[in-house]
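The values are calculated or read from the model by the stated rules, or taken from the named source; none is laboratory data. Predicted model only: the values in this text are computed from it and were never measured. Positions of Cβ are backbone-derived with ideal geometry, glycine not excepted, and every protein chain shown enters the neighbour counts.
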């Protein structure tokens, strides 16, 4: 299998949506269809600051070759002049875990960030996502921060 990572394209929409649903099921959340549709629109809009890339199995000839995705958002950070990147969503097919697909997706974000002059990428995961944390400890540094949230 040859895995490559590239920016999402309009033709990837249904495969992305299928995997997006699995991602949301894993995190036990429901994202309304209109929100998903708007996010997809933003991913493809060059003036929008949110990005999506897909991992594809280049060897598949049937066109059903999206095997993972990553989304990220550069933003202003008060601790530096340069922006930082929040890596928001990362997912790969179950069969693609522990074989380098997630790492390739993250490295794509790192390369895009570096090309934009951004020096730091950060992300969160849920405490129970141990499989992902096996990767994260290899490609990043765990911080001491604890996240809080409040709906307004």
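Kindly provide the set of residues from segment 51-71 that are touching a residue at least 24 places away in the same chain (Cβ under 8 Å) and either out of contact with any strand residue (DSSP E or B) (no Cβ under 8 Å at 6 or more places or on another chain) or more than 15 Å from residue 5 (Cα to Cα) (or both), ordered by number. Let's see the steps before the verdict.
The first filter runs over segment 51-71 and keeps only residues touching a residue at least 24 places away in the same chain (Cβ under 8 Å), leaving 51-59, 64-71.
Passing the criteria: 59, 64.
Can you pull out every residue in segment 6-38 that is in contact (Cβ under 8 Å) with a residue 12 or more places away in the chain, touching a helix residue (DSSP H, G or I) at 6+ places or on another chain (Cβ under 9 Å) and farther than 14 Å from residue 93 by Cβ? Correct list: 6, 7, 8, 9, 10, 13, 17, 36. As an exercise: evaluate residue 17 against (1) farther than 18 Å from residue 115 by Cβ; (2) in contact with a strand residue (DSSP E or B) (Cβ under 6 Å, 6 or more places away or on another chain); (3) surrounded by fewer than 18 Cβ atoms within 10 Å (Cβ to Cβ) and give the number of the one condition it does not meet. Result: residue 17 passes all but (2). Of everything in segment 122-133, what is closer than 21 Å to residue 71 by Cβ and outside any loop (DSSP other than H, G, I, E, B)? Give them in sequence order. 122, 131, 132, 133 - these are the residues of segment 122-133 that are closer than 21 Å to residue 71 by Cβ and outside any loop (DSSP other than H, G, I, E, B). Against the definition (assigned to a loop (DSSP other than H, G, I, E, B), closer than 23 Å to residue 6 by Cβ and over 17 Å from the mean Cα position of the chain (by Cα)), how does residue 149 come out, yes or no? Judged against the criteria, residue 149 is not a match. Any residue in segment 101-129 that's within 23 Å of residue 81 (Cα to Cα): show its pairings with residues that are modelled with pLDDT under 95 and part of a loop (DSSP other than H, G, I, E, B) at Cβ separation under 7 Å, as long as the two are six or more apart or on different chains. These pairs meet every condition: 117/82; 118/82; 119/82; 124/147.
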